[in-house]
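Data first, discussion second: the structure below is written as structure tokens.
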Amino acid sequence: MNVILKGHAKAVAENMVRFGYVNTQSEAIRMALTTFAKTQMTEEQLVQMKLDWIDEQVKLGKRRVLNSEQALGKYAKLLKHEAKIESK
């Protein structure tokens, strides 16, 4: 694969070589990609972090968990009506 660097990206790669972080610009690109990959989280990790945060908010009393009737409020009767239809 050939990569053409221009502008800021080229200057960064050149500086990484000049200051001795890497020996070549190819190594600079490999290092950048590896570092980027380590800092990225998978969707699964992000979802788990959000769920953990919500759980903590519930424990602190800042949020609460509603059952379906509480969430639907005055429309809860529709849920009961639908359940009766499905059971027939």
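All of the numbers you see were taken from the coordinates with simple rules; none came from a lab. The structure presented is a predicted model; accordingly, all values stated were derived computationally and were not measured.
Given (1) 56, 17, 11; (2) 44, 18, 11; (3) 58, 17, 10 as candidate values of semi-axes √(5λ) of the Cα gyration tensor in Å, which corresponds to the one derived from the coordinates?
Answer label, from the structure shown: (1).
Work out which helices of the chain, taken as complete DSSP H runs, extend at least 20 Å along their axis over the Cα atoms and score a mean Kyte-Doolittle of -0.5 or more, then list them.
25-39
Work out, step by step, the length gained on full extension between Thr35 and Asn67: first 0.36 nm times the residue separation, then minus their alpha carbon distance; give nm to one decimal.
Details: separation 32, 0.36 × 32 = 11.52 nm, distance 4.33 nm.
Contour length minus the Cα-Cα distance gives 7.2 nm.
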